[in-house]
Amino acid sequence: MLPTLRVVPLSKFGPRPAHRWFEEVEEQLASPLFKSLLNPIANNVAFPWTTETQDQAYVIKAELPGVRPEELNLSIEEGRLTLEVIQNEQAQHRFARQKRSVLLPKDVVIDDIKAKQEHGVLTITLPRQNKTVVTKVIKIES
């Protein structure tokens, strides 16, 4: 027995004018769901950051477009630096939390760490201790 094919007349869906199609696409692009798909924080995709070693400091730059300073939590616990982003948009009934951590090198001066957010980029400066090499000659007794 051959399978039965059901033919759906095209008129059921009706032709749409081109301007209506563009309106529907614009509505979908403006929807909270689509915007949340573009937001890496809302999707639990780790936000990008880069690290750089300079002579006097380590520098971490995290790209956080659209994130306000009050949505950031930067902490140090047991030698680990943790950056946490907490977004709670009550109007859209959306809550997102994302965090990244890095183990700090031993030469970081914890009391002098600074953070600054500018143009969607958070820059964390971790000053390094000046290491002075101490050489001592040990006399061997015979």
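Readers should treat all values here as calculations from the given coordinates under stated rules, not as data from a laboratory. Owing to the predicted nature of the structure, the values given are computational and were not obtained by experimental measurement. Using ideal geometry, Cβ is built from the backbone for each residue, glycine included, and neighbour counts are taken over all protein chains shown.
Want the number for Gln129 to Leu104: 0.36 nm per residue separation, take away the alpha-carbon distance, what's left?
Working it through step by step, the gained length comes to 7.7 nm.
Scan around Leu104 for amide H atoms under 5 Å from its own, H built in the peptide plane at 1.01 Å from N, and keep only partners 5 or more places away or cross-chain.
Sorted by chain and number, the residues that satisfy this are Arg80, Leu81.
Using Cβ counts within 10 Å as a stand-in for footprinting exposure, how do Thr125, Thr53, Thr135, Thr82 rank, fewest first?
If I rank by nearby Cβ atoms, fewest first, I get Thr135, Thr53, Thr82, Thr125.
Roughly what would the spin-label model give for Val137 and Thr53, points 7 Å off Cα along C-beta, in nm?
A separation of 3.2 nm, rounded to one decimal place.
First measure r as the distance between the Cβ atoms of Asn73 and Lys116, then evaluate 1/(1 + (r/R0)^6) with R0 = 25 Å and state the FRET efficiency to the nearest 0.05.
0.95
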